[in-house]
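Trainee: Pasting a structure here, questions to come.
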Amino acid sequence: MAKRKTSRRRRRKIKLTPFQAVIFALVGACLALGLYVGAGGQVGAAPTWQEIYTAVGLSDPLPAAELPAETDAVHFIDVGQADATLLQSGGEYCLVDAGETDSEQALLGYLEQLGVTRLKLLVMSHPHADHIGSMAAVLEAVEVEQVILPDFDKAPYPTTKLFERVMEAIEASGAQVTTARAGQSYPIGNGTLSVLADGVDTDNYNDLSQVLYFEAGELTVLLSGDGEKPVEQAALEAGAVRRAAVFKAAHHGSDTSNTREFLEAVSPAYVAISCGLGNSYGHPHAEPLARFEALGAQVLRTDTDGSVVIAATEDGLQSYTANASKEAA
């Protein structure tokens, strides 16, 4: 399904106990069956899960859940004014960043919906709360083989309680821990994640962000976290920037990043922006949006489109969005 824009309201997130969740699901299914029969459904013809979801007002299953596990794809998960990007290939997964603390339910729900029980890699681009907020929860919920951390020798070591909790969760998980260095590469299914650049010396944690490149068949993705102009300039001067079909707009589409020279070097066909609806930062900013348009790239936004998936198919790269799925249901 191609991208279709629509406005939406944020639903208030409610945490349920496992028992409450089961009861809620049973009640919802019964309600859906009653609505289905009342609307003229045939007795004995059970409603589909899509109809049950719609009847009880839940989010429709994303088309991403219908993609085979072997698919080469990138998922830009809607976690509000935050980042969580899932790379998928050959039945293996890599999660880059993990949203905010209050996006835990959305993030874990998305992974569960896809059937993700193991991560080949978990990458922390930098230690800001909107990138590591639910990382401890991810480490506790799924098996993680290896964690890639930013180079903390390039900045004052973080001391927030959230960061300490994440580091404790990493240690408790037993995952292998590696510091990102330019030139590293990691297999993910049929693809490879490469570290093109590993941040700069800074007092600004955004600029610890790595420049990452994922290649799996015809799917190529470039991620640069919240890296600002110094990160982009350093990567350009090192000749490390590669062309990619998909680019995640840096720093939620901020004008502190996404310079014309960097974008021209990447030359993406798709730009995905992870940001929250009506956020106080004004992301994405008008200047980067104009640059994306000048490139002729298709712009997809989690604030208006919901979670975004770009996958390699027999017909080439295809984009899917949560809100387009809901409109088509």
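The values are calculated or read from the model by the stated rules, or taken from the named source; none is laboratory data. All of these numbers come straight from a predicted model, not from anything done at the bench. Note that each Cβ is placed from the backbone with ideal geometry, even for glycine, and that neighbours are counted across all protein chains shown. The accessibility values were calculated without ligands, DNA or RNA, using every heavy atom of the protein model including side chains. Shrake-Rupley method; radii C 1.70, N 1.55, O 1.52, S 1.80 Å.
Trainee: Given the condition modelled with pLDDT of 95 or more, among the charged types (D, E, K, R), outside any loop (DSSP other than H, G, I, E, B) and over 20 Å from G306 (Cβ atoms), answer yes or no: does some residue in the range 89-107 qualify?
Mentor: Yes, the range 89-107 has at least one match.
Trainee: Looking for whichever is farther than 14 Å from L223 by Cβ and touching an Asp or Glu at 6+ places or on another chain (Cβ under 7 Å) here; the options are G109, G115, G90. Which one fits?
Mentor: G90
Trainee: Determine which single condition L111 fails, assuming it passes every other condition in (1) open to solvent by 20 Å² or more (accessible area, probe 1.4 Å); (2) touching a strand residue (DSSP E or B) at 6+ places or on another chain (Cβ under 8 Å).
Mentor: (1)
Trainee: Looking only at helices (runs of 4 or more DSSP H) that lie completely in the range 277-329, which have at least 1 residues being among the basic types (K, R) and buried (at least 17 other Cβ atoms within 10 Å of the Cβ)?
Mentor: Hits in the range 277-329: 286-295, 322-328.
Trainee: Now for a separate question. Whether any residue in the range 136-147 is in a loop (DSSP other than H, G, I, E, B) and in contact (Cβ under 8 Å) with a residue 40 or more places away in the chain is what I want to check.
Mentor: no
Trainee: Residues in the range 124-166 that are within 21 Å of the chain's Cα centre (by Cα) and more than 24 Å from S274 (Cβ to Cβ): how many?
Mentor: Matching residues across the range 124-166 total 2.
Trainee: Applying the selection to the range 274-288, what residues are in contact (Cβ under 8 Å) with a residue 40 or more places away in the chain and touching a His at 6+ places or on another chain (Cβ under 9 Å)?
Mentor: Within the range 274-288, S274, C275, G276, N279, Y281, H283 qualify.
Trainee: Identify all residues within the range 204-219 that are open to solvent by 20 Å² or more (accessible area, probe 1.4 Å) and either assigned to a strand (DSSP E or B) or touching a Gly at 6+ places or on another chain (Cβ under 8 Å) (or both); write none if there are none.
Mentor: Across the range 204-219, the qualifying residues are E215, G217, E218.
Trainee: Does A265 meet the test of being modelled with pLDDT of 95 or more and assigned to a loop (DSSP other than H, G, I, E, B)?
Mentor: no
Trainee: Let me ask something additional. Which of the following residues is in contact with a Pro (Cβ under 8 Å, 6 or more places away or on another chain), buried (at least 16 other Cβ atoms within 10 Å of the Cβ) and not β-branched (V, I, T): M167, M124?
Mentor: Result: M124 is the single residue among M167, M124 that is in contact with a Pro (Cβ under 8 Å, 6 or more places away or on another chain), buried (at least 16 other Cβ atoms within 10 Å of the Cβ) and not β-branched (V, I, T).
Trainee: Out of everything in the range 172-194 that is touching a residue at least 40 places away in the same chain (Cβ under 8 Å) and open to solvent by less than 30 Å² (accessible area, probe 1.4 Å), what residue ends up being farthest from I148 (Cα to Cα)?
Mentor: Here the answer is G191.
Trainee: Considering only residues of the range 257-272 that are of a type in the set (V, I, T) and without any contact (Cβ under 8 Å) to a residue 40 or more places away in the chain, which is least open to solvent (accessible area, probe 1.4 Å)?
Mentor: Among those residues, the one meeting the criterion is V271.
Trainee: Select from the range 93-135 the residues that are free of Cβ contacts under 8 Å to residues at least 60 places away in the same chain and small (G, A, S) and write down the one among them that is farthest from L162 (Cα to Cα).
Mentor: Looking at residues that are free of Cβ contacts under 8 Å to residues at least 60 places away in the same chain and small (G, A, S), I get G115.
Trainee: Continuing with this model, one more query. Applying the selection to the range 184-203, what residues are of a type outside the set (S, T, N, Q) and assigned to a strand (DSSP E or B)?
Mentor: Y186, P187, I188, G191, L193, V195, L196, A197
Trainee: Take S254 and tell me if it is over 23 Å from G91 (Cα atoms) and in contact with a strand residue (DSSP E or B) (Cβ under 7 Å, 6 or more places away or on another chain).
Mentor: no
Trainee: Just name the residue that is farthest from T313 (Cα to Cα) out of those in the range 224-252 that are small (G, A, S) and part of a helix (DSSP H, G or I).
Mentor: Among those residues, the one meeting the criterion is A234.
Trainee: Those residues that are of a type outside the set (A, V, I, L, M, F, W, C) and not in a helix (DSSP H, G or I), I need them from the range 148-179; list them, please.
Mentor: P150, D151, P156, Y157, P158, T159, T160, G174, Q176, T178, T179
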